[in-house]
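Notes follow the structure.
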Amino acid sequence: MIVVCEHCSSRLKVDEQRLDPTIRKFSARCPKCRQKFIITLPEEIPDVVELQQPDNPQPQRPGRTIVITNQKGGVAKTSTCLNLGLSLALLEKRVLLIDFDIQANLTISMGYQNTNSFYDLHNRSPREFNAALIQTSYPGLWLLPSNKNMVLLSKKYFGKHEYEYILDRQLAQVKKQFDYIIIDTPPSIEFFTINALTTSNLAIIPTPCDYLSTHGVDQVIKIIDLIRRKTNPKLEARILVTMYEESTTAARMIFTKLKTLHPGRLYQTVIPRDERMQEAQIMSMPVINYDQKSSSGRQYLALAREICTPARERG
Ligand SMILES: Nc1ncnc2c1ncn2[C@@H]1O[C@H](COP(=O)(O)OP(=O)(O)O)[C@@H](O)[C@H]1O
Ligand SMILES: [Mg+2]
């Protein structure tokens, strides 16, 4: 089990085998800052975790499924998936993050390894699939990790009849359990990205304001138009400016160009370039947890609000 030190925010591993199962609350000392703090264990976990009880106020309709996509690498796809996911969870939404990239950067960023991936679970019953999702140490946030077996998924199904719908079919039951499902994708358009685009309502295209970014965004929008015609007519596309440096004239020029080329498609929220993001990544933490006052953390929270609140309510 992972716990977070309330003094220095270090993520620490607790060996549950060594704990007395009858004691749910105990004092611990952080090995990093040496401060004492109280750990409260969750109630005993049953063998099969039902994510939705019939009489609890969980969402009854399929949640919103968001794919984070761009053919370019290093544009903050994984960072957006993690930080938007946690921000939505902080707004009391139930959120599932799906790492759909063989590189497993999202999984690693969250401190997990040697866990089941979509490949390992894709033939399981909905009940077993739900039970295998990881409930992270962040309240309201679940993870379906990636691992190296994911390459077998593409090898087995790519190009086969209706391969585009493999993720969509498996998520049909899962969608009812969450307000939001957010899918991280690789920097290429192939099996994984096509499956993620096919099952989503919304594609968020993160892009920095650098020289080739407008070209990269155009390419993604063309792919999304194709997906809309072939497998998913309901897919909507929005652009998120990331790593923005307002002090740079070139960045401001490209930002203006993006707004002109894609009217109404850019989020009002812009994610600034912020060193805290890299520091948080080193600590395997979402930036808002690493530093609540960080500019990028605050903007991811603003993005979550923008996504949750219809434009007419925001005024
Ligand atoms: N707002 C930001 N400010 C500074 N660095 C950032 C920001 N967003 C992301 N990064 C850094 O950029 C790198 C690439 O981000 P990542 O999310 O892995 O991109 P992708 O998934 O598109 O390849 C990472 O080192 C990440 O910490
Ligand atoms: Mg990535």
In the stretch 135-152, what residues are open to solvent by less than 30 Å² (accessible area, probe 1.4 Å) and either touching a His at 6+ places or on another chain (Cβ under 7 Å) or among the β-branched types (V, I, T) (or both)? T136
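If we scan the stretch 286-304, do we find a residue that is of a type in the set (S, T, N, Q) and in contact with a Gly (Cβ under 6 Å, 6 or more places away or on another chain)?
Scanning the stretch 286-304 turns up no residue that is of a type in the set (S, T, N, Q) and in contact with a Gly (Cβ under 6 Å, 6 or more places away or on another chain).
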Within the stretch 228-249, take every residue that is crowded, with 17+ Cβ neighbours inside 10 Å and β-branched (V, I, T) and give me the one that is farthest from E275 (Cα to Cα). T231
Condition first: surrounded by 23 or more Cβ atoms within 10 Å (Cβ to Cβ) and not hydrophobic (A, V, I, L, M, F, W, C). Can you find one or more residues in the stretch 88-97 that meet it? no
Restricted to the stretch 69-79, and to residues that are within 9 Å of ligand 2 (Cβ to nearest atom) and buried (at least 24 other Cβ atoms within 10 Å of the Cβ), which residue is farthest from I307 (Cα to Cα)? V75
Residues S146, S137: which one is closer than 22 Å to I66 by Cβ, in contact (Cβ under 8 Å) with a residue 12 or more places away in the chain and among the hydroxyl-bearing types (S, T, Y)? S146
Filter the stretch 245-269 down to residues that are assigned to a loop (DSSP other than H, G, I, E, B) and under 25 Å from the mean Cα position of the chain (by Cα), then give me how many there are. 7
Residue, most open to solvent (accessible area, probe 1.4 Å), within the stretch 270-302, restricted to residues that are assigned to a helix (DSSP H, G or I) and among the β-branched types (V, I, T): I282
Using the structure shown, decide if T185 is within 16 Å of ligand 2 (Cβ to nearest atom) and in contact with a strand residue (DSSP E or B) (Cβ under 8 Å, 6 or more places away or on another chain). yes
What pairs come out if I take residues in the stretch 238-252 that are touching a residue at least 24 places away in the same chain (Cβ under 8 Å) and at negative phi and pair them with residues that are in a loop (DSSP other than H, G, I, E, B) and open to solvent by 50 Å² or more (accessible area, probe 1.4 Å) whose C-beta lies under 7 Å away, six or more apart or interchain? R238/R265; I239/R265; Y244/R273; E245/R273; A251/E245; R252/E246
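The values are calculated or read from the model by the stated rules, or taken from the named source; none is laboratory data. Remember, it's a predicted structure, so these values are computed and weren't measured experimentally. FYI the Cβ positions are ideal-geometry reconstructions off the backbone, even for glycines, and counts take in every protein chain you see. Ligands, DNA and RNA are excluded from the accessible area calculation, which covers all protein heavy atoms including side chains. Shrake-Rupley method; radii C 1.70, N 1.55, O 1.52, S 1.80 Å.
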